[in-house]
Each structure stands twice: as structure tokens, then as C-alpha cells.
């Protein structure tokens, strides 16, 4: 068994794709329209795992249950339809070659916010940091260090 992809609803697919491709070096791998009219765009890196962006090109789908809580709100199911992403979703992790350079690029060119780090986890041989993507999702950057 293997993890194949994670799917995220986005409002601005062009900004989301640019963040992950231009900012983090991933590449668009495929795109298709599903039966409900949503467009599905995928980006990936060296492994087969992908990030899937789901969106409606024509502002349709307002009544679609984008978060799986059954009410079509896009909220997190807490009764407050504030548009927050679903509870339980924490972050997406992406491997980078240069965490400091990635943070600089993402914060300067993509208006990303540095949430935490960078932090060196010496026992694991990695440096990590957490930033936001254009949709407000948290992205963990992980750099292997020697």
C-alpha cells in the first residue's frame, strides 16, 4: 500500500499552483474535470504522491460539501460557517533542498507567512519550518541535513 495524494479545495487555483510549482519546485502532473463539475489539478515531485487542488472554474459548486461535514458550508463543522478548513486537517509536508531559501522565496514572492521555525531537529537529521500557502493551509518544509 502507498499514499497516492491529498486533495484540498482551493478558491484560486492559479495562486495555489504557482506557490507549489514556482515556490517549491513541484510540477503539474495532470488535470481533469470530475462528474460534479469540479476541476482537479495535481502537482507532484520526485515520488508518486501528489497534491490535488479541487476548484470550480465558473464559481459553481457553492452547494457542494467541500469539507465533508455534511452541511455544504465549507466550514469546519463546528456550527460557525467561517470558511475555516475542516477540523482534523493540520498540514501538508514538502521536502526542500534549502529551507532558508525556500522561506525567503515563499514569504517575499508569494506573501506566505512564516508560522514557526526554522528549527533543527538534530536527532532526526532535519530542519523544519511551517509556512502558509495562498489558501491559508499550513505547509511544513523539511530539509534533510547531514
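The values are calculated or read from the model by the stated rules, or taken from the named source; none is laboratory data. Model, not experiment: these values are computed from the prediction. Heads up, the Cβs are rebuilt from the backbone with ideal geometry, glycines too, and the neighbour counts pull from every protein chain shown.
For the range 28-43, name all the residues that are loosely packed, with under 13 Cβ neighbours inside 10 Å and touching a strand residue (DSSP E or B) at 6+ places or on another chain (Cβ under 8 Å).
Taking the range 28-43 first, the residues loosely packed, with under 13 Cβ neighbours inside 10 Å are 30, 32-37.
Within the range 28-43, 30, 32, 33, 34 meet the criteria.
Restricting to the range 100-146, name every residue that is exposed (fewer than 15 other Cβ atoms within 10 Å of the Cβ) and assigned to a loop (DSSP other than H, G, I, E, B).
111, 113, 122, 123, 124, 125, 136, 145, 146
For the range 104-122, name all the residues that are without any contact (Cβ under 8 Å) to a residue 40 or more places away in the chain and within 16 Å of the chain's Cα centre (by Cα). Explain how you work it out, then say what you get.
Applying the first criterion (without any contact (Cβ under 8 Å) to a residue 40 or more places away in the chain) to the range 104-122 yields 104, 107-108, 111, 113-122.
Within the range 104-122, 107, 111, 113, 114, 115 meet the criteria.
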Handout entry: Condition met for residue 46 (assigned to a loop (DSSP other than H, G, I, E, B), at pLDDT 90 or above and loosely packed, with under 15 Cβ neighbours inside 10 Å)
Key = yes
Problem - From 65, 100, 35, 81, residue being more than 25 Å from residue 3 (Cα to Cα), at pLDDT below 95 and more than 16 Å from the chain's Cα centre (by Cα) - result: 81
Practice task
Working carefully through the options 6, 43, 10, find the one that is in contact with a helix residue (DSSP H, G or I) (Cβ under 7 Å, 6 or more places away or on another chain) and closer than 18 Å to residue 141 by Cα.
Solution key: 43
Practice task
Show the residue pairs that are 6+ apart or on different chains and have beta-carbon atoms under 8 Å apart, the first residue being within the range 26-50 and in contact (Cβ under 8 Å) with a residue 24 or more places away in the chain and at positive phi, the second being buried (at least 16 other Cβ atoms within 10 Å of the Cβ) and part of a loop (DSSP other than H, G, I, E, B).
Solution key: 37/56; 37/61
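Out of 16, 57, I need the residue that is modelled with pLDDT of 95 or more and either buried (at least 16 other Cβ atoms within 10 Å of the Cβ) or in a loop (DSSP other than H, G, I, E, B) (or both). Which one?
On the way: 57 fails: modelled with pLDDT of 95 or more.
None of the other options fit; the residue is 16.
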